[in-house]
Amino acid sequence: MTTQAIAVPPPGTLALKPGQAMWDDKQRAALAVLGIKGATNADLAVFLHVCQKTGLDPFSRQIYMICRREKQGDQWVDKQTIQVGIDGFRVIRDRVAVRTGAVVEYEDTVWYDADGGEHAVWLSDTPPAACRVVVRKNGARFPAVLRTSSYAATNKDGALIAQWRTQSDHMIEKCCEAFALRRAFPHDLGGIYVEDELPPPEPYQAAPQRVTAAEITGNGAAPADPTPASAAGSAIASEATTAPGAPDRTARQTRTDDGPGKPKGQPAPPASVKKLEDLIASLELGTDADVTALLNWLCPGYTATRSEVGIVTSFLNDALRQAEGDLAEACSEVWRTYKARPGAGEPAGGDHG
């Protein structure tokens, strides 16, 4: 595999600064929006150290920290776990290879059926029993052989969920690659995992109370013909729908700045906007005004830029993961988080920054 120098993006307002010892207030607020909750200063200091060590950007979702519940004795305790997407693992791999001159290669992936038979391509509709990925660094082999049943995410009934249900061969291969890369680069990847290597986080309550948008935003007394959730999702990029009291969306869609010297970024690709619309519709987040209030809290002055759509999509997907795929519970998780926001109690459609 040929390695190339990694281009460094220009610094932004959230970028880590050389020698920075702790997150500043803006960075802390952004981390909270991205789902980092209940982290102590010590947890945040460790996360900052790992971000600096790996050179990955938490605000681009290359690396993130999630709170998981682990049972110690008779008690459940919270533990912050640092996770990196598989693309983040590959970025670190390439940077280390460039810095050290290492030659990194992969052997062909092998999947195994229940009888131990080897397959170069997995064509069955049923999940493979195991997978093998071997990373070579300067000729030395670093193998990973993992059983699917040890990693696959399931619901309470034991059935596969999310991407483990639709592409389990790809998911177990990704876990194997991360495992092998940690063996090959222990100083750079030790203690870091891809999300799919870890079990879903335990819920904080055995049966959390359902929360609706109306209970949080005060939109319970909705107009006679409130905008349904599906229409609210489409309103993200619509030129025809404007929530009561919200800025005119037609103007916001065509505007690329928020005043002189304040660039808002490039508009998100239509496919990304459509994906977000579908996610909002599936979660049934509430009326158009509810969705507008949520968007403006997550991204003040929301204009559907590339970065804003990414932040909102990540936030909603985090809620869905916390709820283990339960759409109603994910909706509740969204509004519980919104209720606990700084400045809670302001009317819907206001400044929730």
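The values are calculated or read from the model by the stated rules, or taken from the named source; none is laboratory data. What you see is a predicted model; the values in this text were computed from it and never measured. All Cβ positions, glycine included, derive from the backbone under ideal geometry; neighbour counts span all protein chains shown.
General observations
- Index of the failed condition, Leu285 passing every other in (1) modelled with pLDDT of 85 or more; (2) within 30 Å of Ile161 (Cβ to Cβ); (3) in a helix (DSSP H, G or I): (3)
- Qualifying residue in region 43-51 (condition: charged (D, E, K, R) and at positive phi): no
- Contact map, region 157-176: residues that are polar (S, T, N, Q) paired with residues that are at pLDDT 90 or above and crowded, with 18+ Cβ neighbours inside 10 Å, Cβ distance under 9 Å, separation 6+ or inter-chain. Pairs shown: Gln163/Met171; Ser168/Trp122; Ser168/Pro127; Ser168/Pro128; Ser168/Thr148; Ser168/Ala152.
- Residue check, Lys137 surrounded by fewer than 19 Cβ atoms within 10 Å (Cβ to Cβ) and either touching a residue at least 60 places away in the same chain (Cβ under 8 Å) or of a type outside the set (S, T, N, Q) (or both): no
- Filtered residue count, region 265-302, keeping only those that are buried (at least 17 other Cβ atoms within 10 Å of the Cβ) and either charged (D, E, K, R) or not assigned by TED's automatic domain parsing to the domain that holds Leu327 (or both): 4
- Pairs meeting the criteria (first residue in region 278-290 and more than 18 Å from Ser314 (Cβ to Cβ), second residue among the charged types (D, E, K, R), beta carbons under 8 Å, at least 6 apart or on different chains) are lacking.
- Only one of the numbered conditions (1) touching an Asp or Glu at 6+ places or on another chain (Cβ under 9 Å); (2) part of a strand (DSSP E or B); (3) among the aliphatic types (A, V, I, L, M) is violated by Val145, and that is (1).
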